[in-house]
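The values are calculated or read from the model by the stated rules, or taken from the named source; none is laboratory data. Source: prediction; values computed, not measured. Heads up, the Cβs are rebuilt from the backbone with ideal geometry, glycines too, and the neighbour counts pull from every protein chain shown. To get the accessible areas, we keep the full protein, side chains included, count just its heavy atoms, and leave off ligands, DNA and RNA. Shrake-Rupley method; radii C 1.70, N 1.55, O 1.52, S 1.80 Å.
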Number of protein chains: 4
Amino acid sequence: MVSIAIVGGSGYTGGELIRILSAHPEAEIVDITSRQFEGTPVHKVHPHIRGTDLVFRNKKPSELDADIIFTATPHGASMKIVPDLIETGAKVIDLSGDYRFNDIDVYEKWYGIEHTSDLKGVFGLPEIHREEIKKTTLLANPGCFVTGAILSGYPLSKAKLAERMIFDSKTGVSGAGVNPTTSTHYPNIGDNVNPYKVTSHRHMPEIQQELGAFSDVKISFTPHLVPVIRGILTTNHCFLVDGADITSEEVLDIYKETYKGEPFIQILEDGEIPRLSSVRGSNYAQIGCFEIDETGRLVIISAIDNLVKGASGQAVHNMNIMCGFDEKTGLDFFGMHP
Amino acid sequence: MVSIAIVGGSGYTGGELIRILSAHPEAEIVDITSRQFEGTPVHKVHPHIRGTDLVFRNKKPSELDADIIFTATPHGASMKIVPDLIETGAKVIDLSGDYRFNDIDVYEKWYGIEHTSDLKGVFGLPEIHREEIKKTTLLANPGCFVTGAILSGYPLSKAKLAERMIFDSKTGVSGAGVNPTTSTHYPNIGDNVNPYKVTSHRHMPEIQQELGAFSDVKISFTPHLVPVIRGILTTNHCFLVDGADITSEEVLDIYKETYKGEPFIQILEDGEIPRLSSVRGSNYAQIGCFEIDETGRLVIISAIDNLVKGASGQAVHNMNIMCGFDEKTGLDFFGMHP
Amino acid sequence: MVSIAIVGGSGYTGGELIRILSAHPEAEIVDITSRQFEGTPVHKVHPHIRGTDLVFRNKKPSELDADIIFTATPHGASMKIVPDLIETGAKVIDLSGDYRFNDIDVYEKWYGIEHTSDLKGVFGLPEIHREEIKKTTLLANPGCFVTGAILSGYPLSKAKLAERMIFDSKTGVSGAGVNPTTSTHYPNIGDNVNPYKVTSHRHMPEIQQELGAFSDVKISFTPHLVPVIRGILTTNHCFLVDGADITSEEVLDIYKETYKGEPFIQILEDGEIPRLSSVRGSNYAQIGCFEIDETGRLVIISAIDNLVKGASGQAVHNMNIMCGFDEKTGLDFFGMHP
Amino acid sequence: MVSIAIVGGSGYTGGELIRILSAHPEAEIVDITSRQFEGTPVHKVHPHIRGTDLVFRNKKPSELDADIIFTATPHGASMKIVPDLIETGAKVIDLSGDYRFNDIDVYEKWYGIEHTSDLKGVFGLPEIHREEIKKTTLLANPGCFVTGAILSGYPLSKAKLAERMIFDSKTGVSGAGVNPTTSTHYPNIGDNVNPYKVTSHRHMPEIQQELGAFSDVKISFTPHLVPVIRGILTTNHCFLVDGADITSEEVLDIYKETYKGEPFIQILEDGEIPRLSSVRGSNYAQIGCFEIDETGRLVIISAIDNLVKGASGQAVHNMNIMCGFDEKTGLDFFGMHP
């Protein structure tokens, strides 16, 4: 049994951490912080979480005493508190972008703020970095788009088969967080599709870093907001390197082989295509399609729940690995279709 | 041809006024004001309105020169400018609640602000007040819930047949206006139903005023926010006065007779039930059902588009009446199903 | 550990039974039947259920060998197989309407078919019938609307305080089942609200039977289809018996007292109002509001997930009671907001 | 004034033809046919169309007497009746795929049925084929995806600048037609995104035919069903031919020049991005973005209403051209945002 603190727990990822960890047999939440909601019982903010004694506290990092600390704080805020949290002796799982980049310059360019922490995080995609995750005390949990995109492209990049991948992603609105904006106003996004940051979303360099570590694949990424609450459907339009004379079936085999034994990867075949409802609320990622059209375009499609496999579920998965638990502990539930 | 100014034209009702008036053969918009968007072309705020020269101006009331002025300003703001607008010689159609109440005390109680204007408006529901509308220079356009509720109950109240009406209303989110809030945040209202102000919505006294003018009918009203962009579906659970031994067919006849010749009322029969898509985008109100259950409950259902018949369309209808135009001018288009 | 068979498992309630029972520590699904999908792996029909060996079989009732058999079969079909299932020695939990009625005549009138079985079921609402449920071998799981309505009204009817209840229910589309129809076609119900069977829905007599067992309360019921996948929000417009001079606070107390210790009832206070997202995917029912307006109308609002507390979750709850398990076994997870 | 007949008018495109033509000052609908709904008043099928005398008739082609006949009949059905309709002396506007292909073999391959008519249609995209449209008596109205895709790519193909275009399209569910299916069942597509026919949709060869007429551009196309009623948002991921050293601004200029004077094309600049709500219900197409990322990918985005610019509105536009009317007649209304 490990003790858990959640820093900045009033957002959607905070709510999901509580939802998941409440049913985790090896974890107990001992603290949850929020400056804005200090003193407020958790159910007033997360109306589905009831019957707990949890109340938001406004504690300083040094006041926290927990084995594992999740920081569900905004970009820029995490790096200001993570060093102090590490000082307490806790292992830290940071859900912000602050510790995801190998190259600080890339971070500073895309996030537009100075990086002020010397700590290095391990990029928390278990399917790629499991061994480093086991040993780290600072885990940088990947971005939601990033998770969906990388999972759809990793086997091909690793096999040095891909020249170019164009990730056309469709995301649910919860990815924008808990604060209402013009973009998330129901009359603006209901019955609508809104492309945004078409060539300039800051999840792009993160995808580039991870997939580019294996090959020279060129990465393009365009997100679209769709009238969906949860989920990211990524259509990876992929072009192979010259001379890669490979069939659909062979691509499928590469994916099955690469993800063999992965507890949360579901490879779809026999004409099944990933869709959001199959993974809704769960930590599973579905990957499928593997069709090649007459122009040589290969299509790989992935579906995840942005708040679970794309955030809090993956964070718990990482915790399980860091603590030596069975990886599916607390995450062994199916998606919710319909 | 009349010249039109719209004061406070950056919200949804402003957008709808432009959409409708742009195709109105007897009207020309000469001015549209907004403090926030001064100098901004209209299409930057209303992305569907293009190819016009309209630019938001920050003009004082006294600077406006138009035959008809629509005030799409918030409650409380309208009463501060309407007297000056009337001074310019214009006829004013106010879309706020400021001039809807016969009794200022009722306004002050429900809106919680002092009423500072001496002017009296005519309550702009053409189906009840057509003759006064023809003569007025200050038209108080009814609230959206109010329009749907009154239309469903007016014939029975007028016939002194109803003892009690319970209006259970389901509204689209555009009724909350253009500004994003926690309630209108897509992840909070998508796939959800949220009752609010269950016994305390300020449209209640407005319904009471209008239906109570004809009989002692008791009025209850509860609104629900549903994941819909436009439209209000009102289920009027109605109980008749003692001794009112009346059949479904007779109720239907009363409605047909009361609304005979009304250009925007569609009475449904033969098992057809009003629904939002039938009136979406149009100025029509559908009224139907007229069923009586074993406990004596009579159900009347109405459907309107809250932004059209519930706001801007009705405002243009009132303008047509005030100007002596054919009432359907500029409003003679069907709803948009699907 | 009990062995489970699911008869007619290809619909939504079948999918939910599998989703829930797969994580139930005391249950193992040994058989799942479907005539239409014989030989098909479960994930081809329920795309979220993966990694199991479950395959639909077309077995006769007498071929099933399980401790508990859930019949997720249509009305009329259940009564043809349940007697044979009982013969196998299994306990049967029937999700259809066939065994819900004390009075066969009521069933035959509202369902329009002859009732051909002599068996009597126990009405499976644990909050009312727990003791009988413990002893029965034939459990009639309540209808979805019925569950939401009864829970909102039971304490008042039991206290003989209510003269009349008008249930205005808003249901998600999954309540219509897995088969596409004109009503469930996305363009027809998206962005829409559709009242149906306004005074003639067959869940009405079921509500009447249960609430009418405690008092002479008059029951009215009107369902509305809303663009939601899961959930039923019931607005109970309630009128008290003559002389019942009772306050909001006293009503709240009655509800808290009546549902004291109930594992799946959440009574909301302090201005919180039930909404669908709070219970989405969970077996909880939220009950709240308790406001009384100036006309004496008392409003009680309940929210459930129609497929869980309104169907499969409640069925598992009943199984837990029938088997003597802790009642929350396998159901101890929160709803999914957002 | 021209007389109009609509053959097969019970679907969504039939409904839209009536909605639009009812307000068209130069057109009068004299006949509307449907085998299934013979004798039924139009409002029983199209609940928003009221106050007309229109009743569905089951007439043979030779019995129709109209200046313009719209065939809103399925693929395969059109070619069986169009020759007889042309025989009556009418001009025919066919909304099916039957007459869209220059090469019958392509049609037969992709539609899987034999083509049995000798007539040749003119492909009815006014922005490309206006001059031929003016002269034809058989107009083949383009497919919905096709319209959105071609408009986004035509200027570049015409300028021989594009080597490859990948059309990633997101469509509203009304594109699937009026008949309910598993795919269009609300619980299956609500809160979901479903890619389908990922590399094999039959609108692909139609796009190929039209864009390939100008250059050797390679075409890929993948449609996604999104929880939207109307609209197609097409993201055109475009790669330029070798040596095409061109800026965003130059691309924008090419689009503005190519579509100069086009009454229904709206080119967006200054950071505005097309979205569905801006064109909802209207015949406008929005085209925008024109951004180039670091890998050389150029993104063009288009938005149309699939039932209007993608079907019935474009058909009326074509009628206006064929009849010599002002092209905007009856189509001069804005989209409906929100």
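For D:V30, the conditions (1) closer than 25 Å to D:G97 by Cβ; (2) aliphatic (A, V, I, L, M); (3) open to solvent by 30 Å² or more (accessible area, probe 1.4 Å) are fulfilled apart from (1). Within the range D:1-17, if we keep just the residues that are within 21 Å of B:E272 (Cα to Cα) and outside any helix (DSSP H, G or I), the residue that is farthest from the other protein chains (Cβ to nearest Cβ) turns out to be D:G9. Using the structure shown, decide if D:P25 is open to solvent by 20 Å² or more (accessible area, probe 1.4 Å), farther than 28 Å from B:I267 by Cβ and within 14 Å of chain B (Cβ to nearest Cβ). In short, yes. Selection within the range A:186-205: residues that are of a type in the set (A, V, I, L, M, F, W, C) and closer than 22 Å to A:P274 by Cβ. The member of this set that is least open to solvent (accessible area, probe 1.4 Å) is A:V193. B:T199 falls short on exactly one of the conditions (1) within 30 Å of A:R280 (Cα to Cα); (2) facing chain C (nearest Cβ under 8 Å), and that condition is (1). Of the numbered conditions (1) under 30 Å from A:V45 (Cα atoms); (2) out of contact with any strand residue (DSSP E or B) (no Cβ under 8 Å at 6 or more places or on another chain), C:V226 satisfies every one except a single condition; which is it? Among (1) under 30 Å from A:V45 (Cα atoms); (2) out of contact with any strand residue (DSSP E or B) (no Cβ under 8 Å at 6 or more places or on another chain), C:V226 violates only (2). Only one of the numbered conditions (1) in the same structural domain as C:F221 (by TED's automatic domain parsing); (2) hydroxyl-bearing (S, T, Y); (3) within 24 Å of C:R280 (Cα to Cα) is violated by C:S157, and that is (3).
Among the residues examined, A:F334 qualifies as closer than 30 Å to C:V173 by Cα, within 12 Å of another protein chain (Cβ to nearest Cβ), aromatic (F, W, Y) and touching a residue at least 24 places away in the same chain (Cβ under 8 Å).
Cβ separations smaller than 9 Å between residues 6+ apart or across chains give no pair from the range C:81-98 residues that are more than 12 Å from C:A315 (Cβ to Cβ) and not assigned by TED's automatic domain parsing to the domain that holds C:K60 to residues that are polar (S, T, N, Q) and buried (at least 17 other Cβ atoms within 10 Å of the Cβ).
Taken as a whole, the structure leaves A:T13 outside the set of residues that are open to solvent by 30 Å² or more (accessible area, probe 1.4 Å) and over 18 Å from the mean Cα position of the chain (by Cα). Screening D:L268 on (1) of a type in the set (A, V, I, L, M, F, W, C); (2) over 18 Å from D:C144 (Cβ atoms); (3) touching a residue at least 60 places away in the same chain (Cβ under 8 Å) shows it passes everything except condition (3). Could you tell me whether B:S183 is of a type in the set (G, A, S), open to solvent by 50 Å² or more (accessible area, probe 1.4 Å) and at the interface with chain C (Cβ under 9 Å from one of its Cβ atoms)? Against the criterion (of a type in the set (G, A, S), open to solvent by 50 Å² or more (accessible area, probe 1.4 Å) and at the interface with chain C (Cβ under 9 Å from one of its Cβ atoms)), B:S183 does not qualify. Only residues that are in contact with a Cys (Cβ under 6 Å, 6 or more places away or on another chain) and of a type in the set (A, V, I, L, M) were counted across the range B:167-224, and they come to 1.
Mind checking whether some residue in the range D:32-48 is within 16 Å of D:V316 (Cα to Cα) and under 24 Å from the mean Cα position of the chain (by Cα)? Yes; the residues of the range D:32-48 include at least one that is within 16 Å of D:V316 (Cα to Cα) and under 24 Å from the mean Cα position of the chain (by Cα). If only residues of the range B:271-293 that are more than 8 Å from every other protein chain (Cβ to nearest Cβ) and out of contact with any strand residue (DSSP E or B) (no Cβ under 7 Å at 6 or more places or on another chain) are counted, the one that is nearest to C:I189 (Cα to Cα) is B:G271.
Among the residues making up the range C:1-42, those that are touching a Leu at 6+ places or on another chain (Cβ under 6 Å) and under 20 Å from D:P187 (Cα atoms) are C:Y12, C:T13, C:E16, C:V42. Selection of the range D:55-76 for residues being crowded, with 16+ Cβ neighbours inside 10 Å and touching a residue at least 60 places away in the same chain (Cβ under 8 Å) yields D:A66, D:D67, D:I68, D:I69, D:F70, D:T71, D:A72, D:T73. Only one entry of C:K170, C:K120, C:K160 meets the criterion of being in contact (Cβ under 8 Å) with a residue 24 or more places away in the chain and on the phi < 0 side of the Ramachandran plot, and that entry is C:K170.
Residues in the range A:312-330 that are surrounded by fewer than 24 Cβ atoms within 10 Å (Cβ to Cβ) and either within 16 Å of the chain's Cα centre (by Cα) or charged (D, E, K, R) (or both): A:N320, A:I321, A:D326, A:E327, A:K328. As a summary of the residue check, A:Q208 satisfies the conditions (1) open to solvent by 40 Å² or more (accessible area, probe 1.4 Å); (2) among the polar types (S, T, N, Q); (3) in contact (Cβ under 8 Å) with a residue 24 or more places away in the chain except for the one numbered (3). Checking each residue in the range D:80-98 for being open to solvent by 10 Å² or more (accessible area, probe 1.4 Å) and not basic (K, R) picks out D:I81, D:P83, D:D84, D:I86, D:E87, D:T88, D:G89, D:L95. Condition test on A:I20, is it more than 14 Å from every other protein chain (Cβ to nearest Cβ) and either outside any loop (DSSP other than H, G, I, E, B) or open to solvent by 60 Å² or more (accessible area, probe 1.4 Å) (or both)? No. Screening C:V217, C:V241 for residues that are more than 9 Å from chain B (Cβ to nearest Cβ), over 30 Å from D:D191 (Cβ atoms) and open to solvent by less than 10 Å² (accessible area, probe 1.4 Å) leaves exactly one candidate, C:V217.
Among the conditions (1) within 30 Å of A:T234 (Cα to Cα); (2) open to solvent by 20 Å² or more (accessible area, probe 1.4 Å); (3) outside the structural domain of A:I265 (by TED's automatic domain parsing); (4) in contact with a strand residue (DSSP E or B) (Cβ under 9 Å, 6 or more places away or on another chain), the only one that A:D103 does not satisfy is (4). The residue that is nearest to B:E269 (Cα to Cα), counting only those in the range D:37-54 that are more than 10 Å from every other protein chain (Cβ to nearest Cβ) and either surrounded by fewer than 16 Cβ atoms within 10 Å (Cβ to Cβ) or touching a residue at least 60 places away in the same chain (Cβ under 8 Å) (or both), is D:T40.
A residue that is open to solvent by 10 Å² or more (accessible area, probe 1.4 Å), within 14 Å of chain C (Cβ to nearest Cβ) and either closer than 30 Å to B:E249 by Cα or small (G, A, S) (or both) occurs somewhere in the range B:146-164. Considering only the range C:178-186, I want to know if a residue exists there that is of a type in the set (S, T, Y) and under 21 Å from C:R280 (Cα atoms). Yes.
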